[in-house]
Amino acid sequence: MQSDKPMLQLALDTLDLDTALEFTRLVAEVVDIIEVGTILCLAEGLSAVKTIKTLYPDRLVLADVRIAEAGGLISKMVFEAGANWVSVLSSATLSTMEVVAKEAFSHGGEVQIELQEDWTMENAMKWQALGIKQVIIHRSRDTEKAGMSWGSKDLDIVKDLSDKGFKVSVTGKLSIDDIAVFKGIPVYAFVAGRAIRDAGNPTQAAKDFQNAIKATWS
C-alpha cells in the first residue's frame, strides 16, 4: 500500500479554452494534476495543452486524447505540446501502446490506460511489460446511474491492480464523500471535474477534496 496520499486531478472538459482557464486560475494552486479533457482537446486542439502547461509549468498536465490508433504521431504531438501524460484506450492494440510508450518515455512522460469494459488483467500485464504503469478506472455505469457509491467490486479491482504494481486513478462523478470509501485502498489520483467546476466556490471545493484526502490518508 502506498504511503503517500493520492493526488487530486482537475478534469477540464469545457467547450472552449477561455472557460477552462477561468476554472484553472481558481484552483491551479490547489490541485496536483490538470487534465486537458477530450472535449477540450477536440474543441481547441493541442494548443490548449500548450497554453495550460505554459501557464502552470509546475503542474502535471494530462492530455486526455484517448489514443486508439496512430499512436506514434499523436503522442509525439501531445508531448511536443508540453504534456506530461497521455491517455490511451485499453482497446488499442499492443503495438499502438508500444509506440506511445516509447514516445512518452523519450520525453520523460507517462502513459495512462483508460480501462474500458472489455479490458482483461492478462492484457494489463502486457501493458506493464512495456513499462506502462498508470491505469484509470471508472465507477461502473450501473452503480453511477443508481446514484450509489463505489461498490465492493470496483474497490477490489482498484486494489488488485495496485497489488500488481499499477498506479490506479479513479473517476466517475466523484464526490467528496466518496473519498472515505477508499480508506485503506491504494489510489494514485482522484479525478474530479464537475464537482469542482460547478461548485459555487471552485477554490474551496478543491480544498475540500484535498482535506478529505488528507483526512483519509492521515
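The values are calculated or read from the model by the stated rules, or taken from the named source; none is laboratory data. This one's a predicted model, so the numbers in the text were calculated from it and none came from an experiment. Glycine also receives a Cβ, built like all others from the backbone with ideal geometry; neighbour counts cover every protein chain displayed.
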Working only within the range 21-58, note down all residues that are part of a helix (DSSP H, G or I), touching a helix residue (DSSP H, G or I) at 6+ places or on another chain (Cβ under 7 Å) and closer than 16 Å to ALA205 by Cβ.
PHE23, THR24, LEU26, VAL27
From VAL78, VAL86, residue being in contact with a Gly (Cβ under 8 Å, 6 or more places away or on another chain), closer than 19 Å to ILE132 by Cβ, crowded, with 22+ Cβ neighbours inside 10 Å and of a type in the set (Val, Ile, Thr):
VAL86
Can you tell me which condition THR54 does not meet? The list is (1) of a type in the set (Val, Ile, Thr); (2) surrounded by 18 or more Cβ atoms within 10 Å (Cβ to Cβ); (3) over 16 Å from the mean Cα position of the chain (by Cα), and all the others hold.
(2)
Taking the range 6-20 on its own, how many of its residues are in contact with a helix residue (DSSP H, G or I) (Cβ under 7 Å, 6 or more places away or on another chain) and assigned to a strand (DSSP E or B)?
3
Based on this model, can you work out whether PHE23 counts as touching a strand residue (DSSP E or B) at 6+ places or on another chain (Cβ under 8 Å), over 22 Å from SER162 (Cβ atoms), buried (at least 19 other Cβ atoms within 10 Å of the Cβ) and at pLDDT below 95?
yes
Which pairs turn up if I take residues in the range 1-28 that are of a type outside the set (Asp, Glu) and look for partners that are surrounded by fewer than 13 Cβ atoms within 10 Å (Cβ to Cβ) and at pLDDT 95 or above with beta carbon separation below 8 Å, at least 6 apart in sequence or on another chain?
LYS5/LYS214; LEU17/SER47
Is there a residue in the range 110-129 that is surrounded by 20 or more Cβ atoms within 10 Å (Cβ to Cβ), more than 23 Å from PHE182 (Cβ to Cβ) and in contact with a Lys or Arg (Cβ under 7 Å, 6 or more places away or on another chain)?
no
Going by the structure shown, is VAL65 surrounded by fewer than 23 Cβ atoms within 10 Å (Cβ to Cβ), aliphatic (A, V, I, L, M) and outside any helix (DSSP H, G or I)?
yes
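One line per residue, one yes/no per condition, for (1) of a type in the set (Phe, Trp, Tyr); (2) modelled with pLDDT of 95 or more:
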position	(1), (2)
VAL135	no, yes
SER140	no, no
LYS145	no, no
LYS153	no, no
LYS173	no, no
PHE190	yes, yes
GLN204	no, yes
LYS214	no, yes
